[in-house]
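Student: One structure follows; several queries about it will come next.
Computed from the coordinates by the stated procedures, all read-outs in this text should not be read as laboratory data. Quick caveat, the model's predicted, so the values are computed rather than measured. So basically every Cβ, Gly included, is an ideal-geometry build from the backbone, and we count neighbours across all protein chains shown.
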Amino acid sequence: MTHTNSDSRIPLADTSDIEKMRRELNIEQRDFSDLQKRHFKVRAKMALENDALRKSFRGASDFLMGKRKAVFPDEQALSGLRDRGEAIRQYSLSKLPELLERLEKNLTANGIKVHWAETADEACAIIHDILQTNNAKTVVKGKSMVTEEIELNHFLEARGIECLESDMGEYLVQLAGETPSHIIMPAIHKNKAQIARLMHARAETADGKGVPYTEDVDELIGNARAILREKFMTADAGISGVNMAVANTGTLCLVENEGNGRMTTTVPKLHIAVTGIEKVVEDFSHVPELLTLLTRSATGQKISTYFNMISGPRKAGELDGPEQVHLVLVDNGRSRIFSHPTLKPTLQCIRCGACMNHCPVYARIGGHAYGSTYPGPIGQVVTPQIGGLEKHGDMLSACSLNGACGEACPVRIPLPDLIRELRAEANSPAQGSDALRQEWRAVKDRGAKRTWGESLIWKGWALGHKVPLLYRLMTLTITRARTLFRTRSARNVLAPWTDTRTTPVPAKRSLHELARAHGAASEYPNKEEGL
């Protein structure tokens, strides 16, 4: 049942309908919270069984891949651009300690206060202290994956500080009590009807009125903008991310499309920027190449709508801008990644999301199945290194190693190789004498997924391939007892492999037996030397 507001032709649901929507949303929020506590494989299975979710992600992935392809028509030019982007990121990482010190020096000279945070908790505490010192009770937040990573919103809300997301997708996700499912498009998992219901049931205007129900995209965006604009004008502080920090000039670069980033960083009197330590570049001459790769790889745009450059607080005589600017440089495991001889390229990432868009696994299970801030291929590489292999090592299995992510990455991060390396780290002995495996260079929780049973199986397999007599005995046993592989007991032993695959049945004769039967000459004259 609906009625029409006297000054609007948009239908409004009656009170009972709104209450019903709110109850449904509360149940969905509770289910989402419960889902995140489940094991990765359970989350993935539930996502695969959700047809609407799979349709949303498949459609979005195809759309974004198509847009990216359209702005990179020349494969040779794209290859050259990727080479330059990779070179810039590798150069920046090769001089990372020096560039960070230079960045701090120039930012300080520009009037920006720099803070260093080794852990997520320390970063949250620093930001809270800045807000508390300035008596800030309300915060508007621009898009920032690092603040999602350190769970800043929960930290501030628990201490009585209102923190409102101003990016449209982030705002919708916050309104739903969920987390982003994509690093570029946080609400990619929701359709128009779901967003309309969410806005109508939970969003409120500045005067406390509800938002009319509409599935018109322009009207939905207009309603959200009206709410957010009022928040911009009254917020005590603004918090933003940083896409690139230029060391030589002490400049913070922020790429965006909606204008919320510019409002967040200029309207409130206090601006706090938060970024990982890897986002620094040496000079402005390095920015254009990375910006070109970022916008085209992320959304298929030749250039973003806004490119903000922040070099200090408001100066005397200037009409706008914050009175204070702070930068919080977050480590949170990045120094460990930087020190690893193989996994260091992880830090080349420019957070474009192209690897997710091209990943066939991500397109089928979505971002929430990963249970982490960073989903998809880059999430499989970043998250276990930050949060540890004990908690996040299982997500490494969500990769077929097809290589699509590595081919799509604009800065040529060898993602399949890094995933393989992390799988090895997860199943390697926890301790080792190799100098490269010292604690400060090893991945957190190294060896967490190693089991004695699996170790014994592989040791037996290796021994069998080293000793000819054992190899012949092993192949003879397997081929002659091949019918046992069809039994339920065999399927149980081989699970979980056989949960999603046909149970393998060995051949009747081994390759060596077949070769001898066909008269093929042995490579080894002495049978005891061969297999």
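Student: Considering only C-alpha atoms, what is the centroid distance from the range 382-412 to the range 153-193, in Å?
Tutor: Using only Cα atoms to place each centre, the spacing works out to 24 Å.
Student: Any chance you could check the Cα centroid distance between the range 440-462 and the range 285-336 for me, in angstrom?
Tutor: 42 Å
Student: For a quick check of your reading of the filter: which trypsin sites (Lys or Arg not before Pro) in the range 467-507 sit in a DSSP loop and have no more than 14 other Cβ atoms within 10 Å? Each step should come with its number before you reach the end.
Tutor: Details: sites: Arg472, Arg480, Arg482, Arg486, Arg488, Arg491, Arg501; in loops: Arg501.
Hits after loop and neighbour filter: Arg501.
Student: Any cysteines in the chain with zero other Cys Cβ atoms under 4.7 Å from their Cβ? List them, or say none.
Tutor: Cys124, Cys163, Cys253, Cys349, Cys352, Cys359, Cys399, Cys409, each lacking another Cys Cβ under 4.7 Å.
Student: Additional query: Relative to the first principal axis of the alpha-carbon coordinates of the chain, what is the inclination of helix 376-387, with its axis defined by its Cα atoms, in degrees from 0 to 90 and to the nearest 10?
Tutor: Orientation of helix 376-387: about 90 degrees from the principal axis.
Student: For semi-axes √(5λ) of the Cα gyration tensor in Å, one of (i) 44, 30, 19; (ii) 48, 30, 21; (iii) 43, 25, 23 was computed from the structure I shared and the rest are decoys. Which label?
Tutor: Here the calculated entry is (ii).
Student: Return the sequence-ordered ³J(HN,Hα) values of the range 113-130 in whole Hz as given by the Karplus equation 6.51 cos²θ - 1.76 cosθ + 1.60 applied to θ = phi - 60°, using x for Gly and Pro.
Tutor: Result, rounded to whole Hz: 8, 9, 10, 10, 10, 7, 10, 5, 4, 5, 4, 4, 5, 5, 5, 4, 5, 4.
Student: Hey, what angle do you get for helix 452-466 against the long axis of the chain, alpha-carbon based, 0 to 90 degrees rounded to 10?
Tutor: Once rounded, the angle reads 40 degrees.
Student: Could I ask something else about it? Using Cα atoms only, what is the angle between the long axis of helix 96-109 and the major principal axis of the chain, expressed in degrees (0 to 90) to the nearest 10?
Tutor: Taking the Cα atoms of the chain, the angle to 96-109 is about 0 degrees.
Student: Show me, for the range 275-283, the HN-Hα J-couplings you get by feeding each phi into the Karplus relation (A = 6.51, B = -1.76, C = 1.60, θ = phi - 60°), rounded to Hz, glycine and proline as x.
Tutor: 8, x, 5, 7, 7, 7, 10, 6, 9
Student: Expressed in nm to one decimal, what extension gain is obtained for the pair Ile27 and Lys391 from 0.36 nm per residue of sequence separation less their Cα-Cα distance? Mind dumping the intermediate values first?
Tutor: Values: separation 364, 0.36 × 364 = 131.04 nm, distance 2.66 nm.
Full-extension gain reported as 128.4 nm.
Student: Here's another thing I want to ask about it. Given the Cα-Cα distance of Gln90 and Ser455 and 0.36 nm per residue of separation, how much length would full extension add, in nm? Kindly include the intermediate steps, with their values, before the conclusion.
Tutor: Details: separation 365, 0.36 × 365 = 131.40 nm, distance 3.64 nm.
In short, 127.8 nm is gained.
Student: Test of the criteria: in the range 163-271, which GluC sites (Glu not before Pro) are in a DSSP loop and have at most 15 other Cβ atoms within 10 angstrom of their Cβ? If you can, show how the numbers build up before the last one.
Tutor: On the way: sites: Glu165, Glu170, Glu178, Glu204, Glu215, Glu219, Glu230, Glu256, Glu258; in loops: Glu178, Glu215, Glu258.
The qualifying sites are Glu215.
Student: Glu215 versus His154, label points 7 Å from Cα toward the beta carbon: distance in nm?
Tutor: Inter-label distance under the simple model: 3.4 nm.
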